[in-house]
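The values are calculated or read from the model by the stated rules, or taken from the named source; none is laboratory data. Values in this document were obtained by computation on a predicted structure and should not be read as measured data. Backbone-built Cβ (ideal geometry, glycine too); neighbour counts: all protein chains shown. Just the protein is used for accessible areas: all its heavy atoms, side chains included, with ligands, DNA and RNA removed. Shrake-Rupley method; radii C 1.70, N 1.55, O 1.52, S 1.80 Å.
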Amino acid sequence: MEIIWYHPSQPAARWIEGLQKRLPQARVRRWQPGDNAPADYALVRSPPVEMLKGRDALRGCLH
C-alpha cells in the first residue's frame, strides 16, 4: 500500500512516523512537487492541484 501525505504547515516526519507505526505494511511518503509516482491513498490538508491531478486510481483521499 502506497500512501502520500501532504500538509502545508505541519512537519511531515511526525505524521509519517505515526502512520508507519500503525500501518507497518504501508509505504508512506511526503508529497513534493514533481512526485507523480503511484499511490493508493492520499492524506492531505489543502493539497495543491498538482498533487491530485491525474491521480484517478486513488482508492481514497482523506482531507
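What dipole magnitude, in Debye to the nearest 20, does the chain give about its Cα centre under +1 on Lys/Arg Cβ and -1 on Asp/Glu Cβ?
Dipole about the Cα centre, nearest 20: 220 debye.
For the range 24-63, with every protein chain kept in place, what is the accessible area per residue (1.4 Å probe, Å²)?
74 Å²
As I understand it, the dipole of the chain uses +1 on the Cβ of Lys and Arg and -1 on the Cβ of Asp and Glu, about the Cα centre. Which of PRO11, MET1, ALA37 lies farthest toward its positive end?
Going by the Cα projections, it comes out as PRO11.
Sorting check: for 47-53, 21-27, which peptide has the highest mean count of neighbouring beta carbons within 10 Å, and how do the rest follow?
Highest mean packing first, the order is 47-53, 21-27.
For the chain, what % of the accessible area comes from carbon and sulfur atoms, probe 1.4 Å?
52 percent
Which label marks the calculated value of Rg and Dmax of the Cα atoms in Å, given the options (1) 10.9, 29; (2) 11.6, 40; (3) 16.0, 55?
(1)
From the phi of every residue in the range 11-25, what ³J(HN,Hα) in whole Hz does the Karplus formula 6.51 cos²θ - 1.76 cosθ + 1.60 yield, where θ is phi - 60° and glycine or proline is x?
Karplus values, whole Hz, x for Gly and Pro: x, 5, 3, 4, 5, 5, 4, x, 5, 5, 5, 7, 10, x, 7.
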